[in-house]
Amino acid sequence: MTQNTSPKQIAILGSTGSIGTQALQVIAEHPDRFEARVLTANNRWKELAAQARQFRPAAVVIANEQHYEALSDALADLPIAVYAGAEALCQVVEGSEVDMVLTAMVGFAGLQPTIAAIKARKPIALANKETMVVAGELINRLCRQFEVPLLPVDSEHSAIFQSIMGEVSPIEKIILTASGGPFRTFTLQQLEDVTPAMALHHPNWDMGAKITIDSATMMNKGFEVIEAKWLFGVEPERIQVVVHPQSVVHSAVQFADGAVKAQLGVPDMRVPIQLAFSFPERLPSSFDRLDWFALHSLTFERPDVERFRCLALAYESLHRGGNAPCVVNAANEIVNRAFLEGRCRFLDMPDIIEKTMHKAPFIEQPTYDDYLQSDCEARRIAVSLLGRK
Ligand code: NAD
Ligand code: MG
């Protein structure tokens, strides 16, 4: 089926980021199969212009409108449409030529364009997990209504997805692996004094700053529990986080007969990105292969929610339901940035998130507008709590 079909046209939201640039590597490896139709970035217009020159998309969008002129000047000699602003992000994904949208931007900002893409019936390659954390129920409802597939890019969710391929029986339990981050072995006392530079040094993955800090607090894993609940319809009690420092087992699924299926591989995000693009096919790749004799050992530990309270807070928000995960996400975005910029300490982060969750008004069945409002309100609360630290 592959030979005579035209290349799949992919819109990459957040093409200058860690996932975005790796997605472009996948596209470059398979020019006969994939083309970048739309590229977008927030601020890094020079990088976006260079990508556009190489990949020749039909359109580019720079979310921060201040860079519009610089970007259009840089691309003036090419037949590439240049747009700016958050609204344009939503419009470009709706274009009739777009076959798939990769959501590789970071944070709550991913929600609106993802919804626009779903309403335009575009299959989604989902990297932006915050979308599912904030509004998983709404996204699922829209995907059903518009008959849109959501293909996971997050390595754990891709592993779970691969483990259930071909299965007709329900999942008994998800085993969601976690590297444990750079502070896995730190005591609470040691965690008091860790710096952003230490947190940015992840042992196994090279990722954007926000998710790297989320990995250090393990909020990332909490978010992935929420993401797994919505993607696979499994209740949090049946999602077990297991710390696995080698990041070789990307996650696993246990079935009613006790059988466990896992997906393994070297930690390389291009593998799940490529699979989301090519599904249900697997395409060849030049990426590294697992070297079994260099592995020595694979180890597994119970997560410690006393030291990594963010993980417990994510579970708590799931149990509360409604807008609670949206509130936790917003508070987390505030403290994550504050920690990075040296405005709060590592252990202040879970404190502020917890207090924000308890202070923000609870909405049991939020609408889209409720999510927008809850996000704003939670940010306001978290900022004011931050001011008191
Ligand atoms: P990153 O910070 O490296 O890149 C983010 C990209 O989004 C950039 O292109 C940036 O210009 C754009 N962007 C940021 N804010 C924006 C806004 N307000 N509006 C429009 N565009 C904006 O981030 P990343 O590490 O590539 O992560 C992207 C997403 O993928 C996140 O949701 C993250 O949780 C998820 N994810 C990342 C990895 C990884 O290995 N990096 C793994 C799994 C999931
Ligand atoms: Mg992950």
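Residues considered: Asn204, Asn220. Of these, the only one that is surrounded by 24 or more Cβ atoms within 10 Å (Cβ to Cβ) and out of contact with any strand residue (DSSP E or B) (no Cβ under 7 Å at 6 or more places or on another chain) is Asn220.
Filtering region 207-217 to residues that are surrounded by 24 or more Cβ atoms within 10 Å (Cβ to Cβ), over 17 Å from Pro245 (Cβ atoms) and away from ligand 2 (no atom under 12 Å from the Cβ) leaves only Ile213. Comparison of Val253, Val241, Val249 shows that the only residue that is out of contact with any Leu (no Cβ under 6 Å at 6 or more places or on another chain) and not polar (S, T, N, Q) is Val253.
Can you name every residue in region 135-157 that is within 11 Å of ligand 1 (Cβ to nearest atom) and buried (at least 24 other Cβ atoms within 10 Å of the Cβ)? The answer is Pro152, Val153, Asp154, Glu156, His157. In this structure, Val106 does satisfy being within 16 Å of ligand 2 (Cβ to nearest atom), of a type in the set (A, V, I, L, M) and over 15 Å from Ala228 (Cβ atoms). For region 205-221, a tally of residues being touching a helix residue (DSSP H, G or I) at 6+ places or on another chain (Cβ under 7 Å), small (Gly, Ala, Ser), within 12 Å of ligand 1 (Cβ to nearest atom) and assigned to a helix (DSSP H, G or I) returns 1.
Entry remark, region 327-385: residues being aliphatic (A, V, I, L, M), in a helix (DSSP H, G or I) and over 19 Å from Tyr315 (Cβ atoms) number 8 in total. Residues that are in a loop (DSSP other than H, G, I, E, B) and within 23 Å of the chain's Cα centre (by Cα) within region 165-196 comprise Met165, Ile171, Ser179, Gly180, Gly181, Pro182, Phe183, Arg184, listed in sequence order. Taking the residues in region 114-130 that are assigned to a helix (DSSP H, G or I) and more than 8 Å from ligand 1 (Cβ to nearest atom) as candidates, determine which candidate is surrounded by the fewest Cβ atoms within 10 Å (Cβ to Cβ). Here the answer is Lys119.
Among residues of region 367-389 being surrounded by 18 or more Cβ atoms within 10 Å (Cβ to Cβ) and in contact (Cβ under 8 Å) with a residue 60 or more places away in the chain, the one that is farthest from Asn332 (Cα to Cα) is Tyr371.
Kindly indicate which of Ala252, Ala314, Ala276 is modelled with pLDDT of 95 or more and in a strand (DSSP E or B).
Ala252
The values are calculated or read from the model by the stated rules, or taken from the named source; none is laboratory data. Note that the structure is predicted; figures quoted are calculated from it, not measured. Because the Cβ atoms are built from the backbone with ideal geometry, glycine has one as well, and the counts that use them run over all protein chains shown.
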